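Visitor: There's a structure below that I have some questions on.
Where a number appears in this text, it was derived from the coordinates with a stated rule and is not lab data. None of the values given here were measured: they were computed from a predicted structure. Here the Cβ positions follow ideal geometry from the backbone for every residue, glycine too, while neighbour counts run over all protein chains shown.
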Amino acid sequence: MPIQTLSVRDHVRRTITERILAGVYQPGDRLIELQIARELGTSQGSVREALRELEASRIVETAPHRGTRVRTVSPQEMRESYLVRGLLEEAAAPMAAKAFKGNAEQLWNECDTIIACAERGELSEQAAHNAAFHRMIVAASGNGVLLRLWDTLAFETRTRVQLSRPKADPVGDAKTHRPIAKALENGDGKLAGRLLREHAEFFAPPADAPQSESA
């Protein structure tokens with residue numbers, strides 16, 4: 001029975017997160033437990049548990065007399081999340097390189113998908129596969145603590161309500177993943193780590209950037 005409850009909670013949490021990333025729920029929108037429970041055909045308790053986990057990950061926030069709402073991420077916080085993510089990925093790279101050396105087919109497939117999405121102008125899909133590419137690297141390190149820390153930042157770096165970046169080049173941006181994949185395939189964790197950190201630093205938006213919808 002506890003396993004079943006956990007499975008339902010995880011499903012609810014993933015669904016709410018994906019709706020936020022897809023822009024169905026916008027920053028500031030109130031998330032009503034009963035309404036979500038009816039939509040998903042589950043109990044209000046399962047929704048409440050899922051929202052508590054999302055609050056712990058700082059995806060939503062709860063305030064007295066206002067209920068639970070989607071968090072509005074400030075430009076400064078967005079920038080900081082990118083920089084921290086880069087450091088986490090740099091730490092994961094040496095261990096991930098051992099796993100990917102001569103065996104990086106899945107990584108290359110994800111890399112090619114990112115580029116294909118960019119070429120088709122599917123920016124939301126590009127953002128999702130970009131997150132999958134980076135998460136795959138951290139997961140390959142085998143370090144559960146690094147992965148959990150990375151997961152708490154993933155929302156803020158994947159969200160569709162992104163910060164504007166001057167002269168954005170989705171296809172060019174997508175291709176920057178190739179050198180990272182190559183370094184990992186060659187087992188060069190030090191190079192891969194440096195590339196991952198520089199990648200995050202490059203895409204970290206300026207703290208004073210205006211918010212706009214992007215990927």
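Visitor: How far is helix 105-120 tilted, in degrees, relative to the longest principal axis of the Cα atoms in the chain, given as a value from 0 to 90 rounded to the nearest 10?
Guide: The helix 105-120 is inclined about 70 degrees to the chain.
Visitor: Can you pull the one-decimal nm distance between simple spin-label points at S124 and R178, each 7 Å off the Cα toward Cβ?
Guide: With each label placed 7 Å out from Cα toward Cβ, I get 2.9 nm.
Visitor: Which order do F133, F100 fall in if you start with the one that has the fewest other Cβ atoms within 10 Å?
Guide: Numbers: F133 21, F100 24.
Listing F133, F100 from fewest to most nearby Cβ atoms yields F133, F100.
Visitor: DSSP loop (so not H, G, I, E, B), at most 13 other Cβ within 10 Å: list which trypsin sites (Lys or Arg not before Pro) in the stretch 38-117 pass both filters. Walk me through the numbers on the way to the answer.
Guide: Values: sites: R38, R48, R52, R58, R66, R69, R71, R79, R85, K98, K101; in loops: R58, R66, R71, K101.
Qualifying residues, ordered by number: R66.
Visitor: Kindly express, to the nearest 10 degrees and within the range 0 to 90, the angle between helix 123-140's C-alpha long axis and the longest C-alpha principal axis of the chain.
Guide: 70 degrees
Visitor: If you average the alpha carbon positions of the stretch 12-69 and of the stretch 117-146, how far apart do those two centres end up, in angstrom?
Guide: 23 Å
Visitor: Here is a further query. Just the ratio, please: alpha-carbon radius of gyration of the stretch 75-203 over 2.2 N^0.38 Å, N its number of residues. Write out the running numbers ahead of the final one.
Guide: On the way: Rg = 13.6 Å, N = 129, 2.2 N^0.38 = 13.9 Å.
Its radius of gyration relative to the 2.2 N^0.38 Å reference: 0.97.
Visitor: Residue separation times 0.36 nm, minus the C-alpha to C-alpha distance between T152 and R58: what's the value? Could you put the intermediate results ahead of the total?
Guide: On the way: separation 94, 0.36 × 94 = 33.84 nm, distance 0.75 nm.
Result for the pair: 33.1 nm of gain on full extension.
Visitor: Rg(Cα) of the chain divided by 2.2 N^0.38 Å?
Guide: On the way: Rg = 18.0 Å, N = 215, 2.2 N^0.38 = 16.9 Å.
Scaled against compact globular proteins, the figure is 1.06.
Visitor: For labels at R48 and E18 in the simple 7 Å Cα→Cβ model, what's the distance in nm?
Guide: 2.6 nm
Visitor: A further question follows. What net charge is computed for the residues neighbouring E55, neighbours being all others with C-beta under 12 Å from the C-beta of E55, Lys and Arg scored +1, Asp and Glu -1?
Guide: With Lys, Arg at +1 and Asp, Glu at -1, the net is +3.
Visitor: Only helical DSSP H runs with n ≥ 4 go in: add -39500 (n - 2.57) per run for the chain, normalise by residue count and round the 222 nm mean residue ellipticity to 500 deg cm²/dmol. Please report the intermediate quantities before stating the final value.
Guide: On the way: 10 runs with 146 residues, N = 215.
Value at 222 nm, helices only, nearest 500: -22000 deg cm²/dmol.
Visitor: Angle check, please: helix 189-203 long axis (alpha carbons) against the longest principal axis of the chain (alpha carbons), in degrees 0 to 90, nearest 10.
Guide: 60 degrees
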